[in-house]
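Working notes, beginning with the structure itself.
The values are calculated or read from the model by the stated rules, or taken from the named source; none is laboratory data. Worth saying up front: this structure is predicted, and the values here are computed from it rather than measured. Virtual Cβ from ideal backbone geometry, glycine too; neighbours counted across all protein chains shown.
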4 protein chains.
Amino acid sequence: MTIDVAVFGAGRIGKIHAANLAKQPGVRLKYVVDVNKEAAAALAALHGAQVADVEGALGDASIGATVVCSSTDTHADLILKSAAQKKHVFCEKPVDLTLERARACADAVAKAGVVCMIGFQRRFDPTFAALKARVEAGEIGDPEMLVITSRDPGAPPVEYIKHSGGIFKDMLIHDFDIFRWMLDDEADTLHATGSCLTDPAIGQAGDVDSTAVTIRTKRGRLCQINTTRRAAYGYDQRFELLGSQGMLQAGNVRPTEVTAYSKTAVSNDVPEAFFLERYRAAYALEIAHFFDAVQEGKPVRTTVADGLKALELAEAATRSWREGTIIKLGAA
Amino acid sequence: MTIDVAVFGAGRIGKIHAANLAKQPGVRLKYVVDVNKEAAAALAALHGAQVADVEGALGDASIGATVVCSSTDTHADLILKSAAQKKHVFCEKPVDLTLERARACADAVAKAGVVCMIGFQRRFDPTFAALKARVEAGEIGDPEMLVITSRDPGAPPVEYIKHSGGIFKDMLIHDFDIFRWMLDDEADTLHATGSCLTDPAIGQAGDVDSTAVTIRTKRGRLCQINTTRRAAYGYDQRFELLGSQGMLQAGNVRPTEVTAYSKTAVSNDVPEAFFLERYRAAYALEIAHFFDAVQEGKPVRTTVADGLKALELAEAATRSWREGTIIKLGAA
Amino acid sequence: MTIDVAVFGAGRIGKIHAANLAKQPGVRLKYVVDVNKEAAAALAALHGAQVADVEGALGDASIGATVVCSSTDTHADLILKSAAQKKHVFCEKPVDLTLERARACADAVAKAGVVCMIGFQRRFDPTFAALKARVEAGEIGDPEMLVITSRDPGAPPVEYIKHSGGIFKDMLIHDFDIFRWMLDDEADTLHATGSCLTDPAIGQAGDVDSTAVTIRTKRGRLCQINTTRRAAYGYDQRFELLGSQGMLQAGNVRPTEVTAYSKTAVSNDVPEAFFLERYRAAYALEIAHFFDAVQEGKPVRTTVADGLKALELAEAATRSWREGTIIKLGAA
Amino acid sequence: MTIDVAVFGAGRIGKIHAANLAKQPGVRLKYVVDVNKEAAAALAALHGAQVADVEGALGDASIGATVVCSSTDTHADLILKSAAQKKHVFCEKPVDLTLERARACADAVAKAGVVCMIGFQRRFDPTFAALKARVEAGEIGDPEMLVITSRDPGAPPVEYIKHSGGIFKDMLIHDFDIFRWMLDDEADTLHATGSCLTDPAIGQAGDVDSTAVTIRTKRGRLCQINTTRRAAYGYDQRFELLGSQGMLQAGNVRPTEVTAYSKTAVSNDVPEAFFLERYRAAYALEIAHFFDAVQEGKPVRTTVADGLKALELAEAATRSWREGTIIKLGAA
């Protein structure tokens, strides 16, 4: 049985998801929806799909699933509408910028009995997933400390930042998800601090560009996250997990394995440029995972509940930073 | 304009080329030909193509190009027949096990005016290609010494080895091509020696499994190649090029970037398992390159002349090893 | 002119300092003082020195300098007495477990006009010192974030821990010094948390074995320190400094550069076993630095003021952890 | 019992050996001998020794051992004279530039019953020695192939080269020793070729600066050695040994473990600058080994027989290169 799919959003990430789902056996891209009609038409043409509007796409009974990669402020609405029409839905992170609406989404998909997967693609990165599997196999015993380094090569436009919900919801939400996934544990207390070090305009927009977060979990494990919106040398996505029996590190991925010896240095490539390159394989694997889950009735790895939990941590971090306090998280 | 293609050979490498050409814009897989009808039918079905025999496929005027990945003994014949029908042809290495027939192929494609590309996929490996580009950009000055490490994880069945033309034609032909490509120079003298160290059956089949080749080029540069059919730790594909201004190394590619710290070691993944994994990207890029060349009338990176040159070196190496002599190569 | 020296403490670190100062031109080990007379005698014999008691050693007018490596509770007393006798003094960290007595030491050495150097040997580690020099040369622009990983291979006996002043004064004092040195900045706020994860006896002794500290500096820079008393894989001493123009990492040092390829992994040595091995060069360089400073009247790199500042941070961290608060540090 | 020692040669390597033996318990530097009287006096003064001439030093019955680090043409003579006086002798490589005189030395020390150790210091390098120990422990099974990379950062003066015996005796003699030591096997056939690529003056002096040597051992193992007198990026001393169960690599040693991330590269230090830095530990360990052997009557790791064997290979390589032939080595 073929699943017909509507993609909402024909931007950068929409194009990637469209190309990936087009390769999935038994999946067909039927509609592309975007307020930018030209972008929608171009993406639709590339995959032999049609342009539609939200109502048209969701009103078509043949549509089995939606893929939401439109702007953040439309996520919750499209999840609710998809659920209402009994469509399975894959939605980019975050579910919403407010916990209230995100919870409404969680309730709606539960009630509708549809699959709702949130796009925490990092969980599908081959390096991260291999590390997780090795932790689960007991290689390092019981986890004790997690250190996450998460640095972007450059900040988005300040206009974007103003409506992004701030660095904790916009950037660290991925790291909060990695934290929960890797430790299989929940936050008990959280401390966040930050600075505006790379561009004063970010500070004027009410945000920071450099952050340091510490989480102590319910089981007493420790996690530190360091983040910047602008690392001079590029995109840096690493973490390391210390356990009672050893330690595992997830390193960056390089475009090539060339090593150069000059008079002054022995050097390698800088890491993959940004998330589209670094997580190319992860994007393909998460879409495959979503449609496998839908087709075979299996649970998804990143649920709307995970989206909610990450958002709670982002809210706590924002509050900790703004108020200069240590936040006690609610019961798990 | 769409190019219709016939693929000869539905085995391991035929499947890869078929999948890659199917993704190429303006290229359509029309026929799959294989003496194993079931394999042909399965591959054809996967890509919406038809099963045909050699004559049927080549007799169809709509076919613009052939992709030859059948057994080595059929290569020359299929090149000649493709050329006779004015089809462009992509052919797996080697052109043939004899120089005479390989030269006949070179003549035929030249006369027919068709593109004939030989599948030296390593030239399309992102690491190798980046290294070559940096050499051409002058990063290490004038090349002086090249060291190639080329080790397979395990030998093919002895029955295959018996008809493979021997390790120099079967395995090192790739390394001879890399040598010519990286140094942009031709061999002046060649010395080869070898041993049967991993499996006596290989020696009984008249071959060796471990070889050491040294080439001195017309410009006096030096190249050493070390090869084994069975490296205990897996597939090992590295080389390093010393130049007057520095050195560049091409390293192995790892499945993941996980590093593990245990009580006794800090360890990483072993390299990608074998050529299908290691050169996955290279296979895709070489097929794209072939069809780009055909569609846009551009020269190909690995011509039938390259195939001939590599074969000459393989013959010289075989003779050097058998006779215990240093071989003087003909004028360039 | 030769400087005669008295060493207080003939234990593990006393032996190292004695051996290093014996190699220093113009420096002679005259006395070894230890409550353990046998240890004192053995060390004295090794270097042709004599055993003395504190009064004897300090009462000898020919003694120009003392090296204090006795137990922590004797440090302040020996600094005060050395200063009173106008002896220059090299003292192992920490100056004292209380800020009050440490300040008294600072006052005394200032008044006496003697050199007092504190044994923060990490500042003399070739890797750390090279990194610092590159930062000062402007290689990474303005520092933004510092991440320190500082893990011991195993905890000292619980009896020792009980009198150690706790993990922040005993272990992290080195990291607080590195923080100040690398950022050339002072703490504005500090948050520390910790857990007892490796041995319940440590918790019963009122301490933790795993800590996570975050410091925000007066200039808004961020620093995170993660520490454990027991890393399963050994001694781990790394840090990385992100700046506006790049990033520098200080890695671990390995006993050998052997790389092993097996069927399952490519592996290297674990880092040097513990501080005596890891900082072997640093210990030699710091003693040479001290005597150079004394002989040539130059300032020392790690003053008693540095010892005070590190102790202040250790006290703040202890308080932050105990009280669950964020500590605001005093004016710089 | 203290051994009094005479050092012949107060140059670069003489200074190193003198300093190392001065640290050896029970060993005293009594005489320094050098045709350059000032150099002899300076080195003697540094260690509280006296200047002597050859006869004076060897005529002193209290002298138990000599350390020969004078120019190559004096080695054999000083070994013979030392043996005649029943002195144990440590001699820098090579024993001599001619096999005949080297054999005379071997005979003389055997007859005299003195220890004669040749300065193949690489066997004492911690990385190389650790690798050897792991091979002997069976970690990689039976050795199959050895690849040695041995590159100097720059050539000595052409005047030196003219009297050096050529690159094979001057430089590769170390590599030939490593080959024999690592494989625990002897050469059956040898092929050498070379070029003058870095400085025409070297060619005019009748030598080459770049070489490629292949050895097939009596047991059929393969070894390739690549060498240059001038690697643009510095001193490069690596080898790798493939065995039936795995592979071990010996890598270069770096001055520091700093890693730098810039916009264009992730880079590390170039290797230690030259042999004095790279083999600092090895020089100390070989001198300790020699005096341990002398004091405890144990065999030395690098005998005059090893010196002879390496010289035989160097002669064979020179002949192979000059005559363009493959050399068959004599029975082991």
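The table below lists the values:
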| read-out | value |
| --- | --- |
| Residues of the stretch D:268-291 classified as crowded, with 17+ Cβ neighbours inside 10 Å and part of a loop (DSSP other than H, G, I, E, B), total | 5 |
| Out of B:Thr303, B:Thr325, B:Thr318, B:Thr259, sole residue that is closer than 26 Å to D:Gln245 by Cβ and of a type in the set (Val, Ile, Thr) | B:Thr259 |
| Residue in the stretch D:292-316 that is surrounded by the most Cβ atoms within 10 Å (Cβ to Cβ), counting only those that are in a helix (DSSP H, G or I) and touching a His at 6+ places or on another chain (Cβ under 9 Å) | D:Ala310 |
| Some residue of the stretch C:135-144 being within 27 Å of A:Glu144 (Cβ to Cβ) and either facing chain A (nearest Cβ under 9 Å) or not in a strand (DSSP E or B) (or both) | no |
| Scan of the stretch C:2-22 for residues that are among the small types (Gly, Ala, Ser) and part of a loop (DSSP other than H, G, I, E, B), ordered by number | C:Gly9, C:Ala10, C:Gly11 |
| Test result for C:Val109, part of a helix (DSSP H, G or I), modelled with pLDDT of 95 or more and crowded, with 21+ Cβ neighbours inside 10 Å | yes |
| Lone unmet requirement of (1) within 14 Å of chain C (Cβ to nearest Cβ); (2) within 22 Å of B:Glu144 (Cα to Cα) for B:Val258 | (2) |
| Matching option when the condition is free of Cβ contacts under 8 Å to residues at least 40 places away in the same chain and within 14 Å of chain B (Cβ to nearest Cβ), among C:Glu272, C:Glu323, C:Glu296 | C:Glu272 |
| A:Met117 within 14 Å of chain B (Cβ to nearest Cβ) and crowded, with 22+ Cβ neighbours inside 10 Å | no |
| Selection from the stretch B:13-27 of residues that are of a type outside the set (A, V, I, L, M, F, W, C) and at pLDDT below 95 | B:Lys23, B:Gln24, B:Pro25, B:Gly26 |
| Residues (touching a Lys or Arg at 6+ places or on another chain (Cβ under 7 Å) and small (Gly, Ala, Ser)) located in the stretch C:297-309 | C:Gly307 |
| Evaluation of A:Asp170 against (1) within 30 Å of C:Gln245 (Cα to Cα); (2) among the acidic types (Asp, Glu); (3) touching a Ser or Thr at 6+ places or on another chain (Cβ under 7 Å); (4) buried (at least 24 other Cβ atoms within 10 Å of the Cβ) (one fails), failing number | (4) |
| Count of the stretch B:199-233 residues which are closer than 20 Å to B:Phe168 by Cα and more than 7 Å from every other protein chain (Cβ to nearest Cβ) | 20 |
| Conditions (1) crowded, with 18+ Cβ neighbours inside 10 Å; (2) in contact with a strand residue (DSSP E or B) (Cβ under 6 Å, 6 or more places away or on another chain); (3) hydrophobic (A, V, I, L, M, F, W, C); number of the one not met by D:Ala130 | (1) |
| In the stretch A:91-105, residue farthest from A:Leu308 (Cα to Cα) [restricted to those that are touching a Cys at 6+ places or on another chain (Cβ under 8 Å) and not acidic (Asp, Glu)] | A:Cys91 |
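Results for (1) surrounded by 23 or more Cβ atoms within 10 Å (Cβ to Cβ); (2) outside the structural domain of D:Gln249 (by TED's automatic domain parsing); (3) in contact (Cβ under 8 Å) with a residue 40 or more places away in the chain, shown as yes or no for each residue.
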| position | (1), (2), (3) |
| --- | --- |
| D:Ser71 | no, yes, yes |
| D:Lys86 | no, yes, no |
| D:Arg101 | no, yes, no |
| D:Val135 | no, no, yes |
| D:Ile148 | yes, no, yes |
